[in-house]
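Heads up: the structure comes next, in structure tokens.
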Amino acid sequence: MDKSTTLERALFYFVKHKEAHGKATNTTKATYICILEDFIKSIKADTVSDLDILMIDNFIDTLSLKNYKPKTIKNKIVVIRSFIKFLYAKNLIDIRPEAIEIPRTVEVEANFLDEEEQCALIKSARNLRDKALIMTILSSGLRASEILNLKEDDLYRRSLIVSRGKGGKPRVTFIDPLTEKSIREYHHKREIDSVFVFTNSFGKPLSRQYLSRMISETALRAGIKKRVSAHTLRHSFATNMLRKGARIEDVQPLMGHSNISTTRLYMHFTNEYLRERYDMFNKDIDKTLAVC
């Protein structure tokens, strides 16, 4: 690869580089390709040598005009910067990666279900597969891509082995006895053999579209007003753990967070000590509000 290499070809080498370093799951690769193909098509550059910082800045400026959420814009810029860093390390461009500024986004509290809502969701599942699927995410904290690609060999008693989590990092998490029983009941009734734990009628992995639709429709039947996704169930797992007294250092590896600050997000609404102190110093607040 040299400076005359087309950007499309450079993208191919970039993805292969990520694969070789164990930093690209199938989902991550698809994300890289989608973002960078859009970037390459949008700028007036054919080869690596055509790239300049102004093109990159102009493309980033257009993202804010497309009504993307701040987090989505940040994720796109992170991928573009990683691509530029790869080319810079190969001495193919003079653009320093640091010249591409990563915007800071304000952290928002994660959406989660309380225990009553979780029970209602499970009871509203249409079949054994959907029930076991919902229970597995709630009891393990798996990401959508992780549970869809979960294989029989990854399930040992109540241990779940995530061989390639986000960023290609492996980890182990667990399920509770009731979830283990639910999976066994589903498999006992399933009429087809498959290496995957959760499958469609052909023994193939379920799609992300099905998972998303199934969870939202089940939540609707359960009478849950808030928007519910697989990510909501994952957040609920972390919240359950912390509310029951787990240390943040225990929850971090189960969630697969590389940075503990990500896990700390859940502390905002699970800190019972702060709630007790709040009630202690604001015991007359109801009287004040009643007057207002």
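For the stretch 6-13, the criterion of being farther than 30 Å from LEU148 by Cα, hydroxyl-bearing (Ser, Thr, Tyr) and either in the same structural domain as SER163 (by TED's automatic domain parsing) or not in a helix (DSSP H, G or I) (or both) is met by at least one residue.
Mind listing whichever residues of the stretch 173-184 are surrounded by 14 or more Cβ atoms within 10 Å (Cβ to Cβ) and in contact with a helix residue (DSSP H, G or I) (Cβ under 8 Å, 6 or more places away or on another chain)?
Step one: list which residues in the stretch 173-184 are surrounded by 14 or more Cβ atoms within 10 Å (Cβ to Cβ), which gives 173-176, 179-180, 182-183.
Correct list: THR173, PHE174, ILE175, ASP176, THR179, SER182, ILE183.
Of all helices (runs of 4 or more DSSP H) completely enclosed by the stretch 54-158, which ones contain at least 1 residues that are touching a Gly at 6+ places or on another chain (Cβ under 9 Å)? Answer list for the stretch 54-158: 115-123, 144-148. Scanning the stretch 144-173 for residues that are at pLDDT below 90 and among the hydrophobic types (A, V, I, L, M, F, W, C), we see that the one that is farthest from the chain's Cα centre (by Cα) is LEU155.
So for the stretch 30-46 (the condition being in a loop (DSSP other than H, G, I, E, B) and free of Cβ contacts under 8 Å to residues at least 24 places away in the same chain), does at least one residue qualify? Scanning the stretch 30-46, I find at least one residue that is in a loop (DSSP other than H, G, I, E, B) and free of Cβ contacts under 8 Å to residues at least 24 places away in the same chain, so the answer is yes. Of note, ALA89 does not satisfy the criterion of being closer than 26 Å to VAL162 by Cα, without any contact (Cβ under 8 Å) to a residue 40 or more places away in the chain, of a type outside the set (Lys, Arg) and not assigned by TED's automatic domain parsing to the domain that holds GLU146. Does ILE33 meet the test of being farther than 30 Å from PRO170 by Cβ, surrounded by 14 or more Cβ atoms within 10 Å (Cβ to Cβ) and assigned by TED's automatic domain parsing to the domain that holds LEU92? No: the conditions fail for ILE33. Of everything listed in (1) polar (S, T, N, Q); (2) at pLDDT below 90; (3) surrounded by fewer than 16 Cβ atoms within 10 Å (Cβ to Cβ), the single unmet condition for THR6 is (2).
Within the set ALA238, ALA219, the sole residue that is modelled with pLDDT under 90 and either within 22 Å of THR31 (Cα to Cα) or part of a helix (DSSP H, G or I) (or both) turns out to be ALA238.
Being out of contact with any His (no Cβ under 8 Å at 6 or more places or on another chain), of a type in the set (A, V, I, L, M, F, W, C) and modelled with pLDDT under 95 is a property that does not hold for PHE112. Exactly one residue out of SER194, SER212 is at pLDDT below 95, farther than 19 Å from SER140 by Cα and among the hydroxyl-bearing types (Ser, Thr, Tyr): that is SER194. Is it true that some residue in the stretch 201-209 is surrounded by fewer than 16 Cβ atoms within 10 Å (Cβ to Cβ), at positive phi and modelled with pLDDT of 90 or more? Among the residues of the stretch 201-209, at least one is surrounded by fewer than 16 Cβ atoms within 10 Å (Cβ to Cβ), at positive phi and modelled with pLDDT of 90 or more, which makes the answer yes.
Within the stretch 57-79, being at pLDDT 90 or above and hydrophobic (A, V, I, L, M, F, W, C) holds for ILE77, VAL78, VAL79.
The values are calculated or read from the model by the stated rules, or taken from the named source; none is laboratory data. The shown structure was predicted, so the numbers you read here are calculated from the model rather than taken from an experiment. For neighbour counting, all protein chains shown are included, and Cβ atoms are generated from backbone atoms with ideal geometry for every residue, glycine included.
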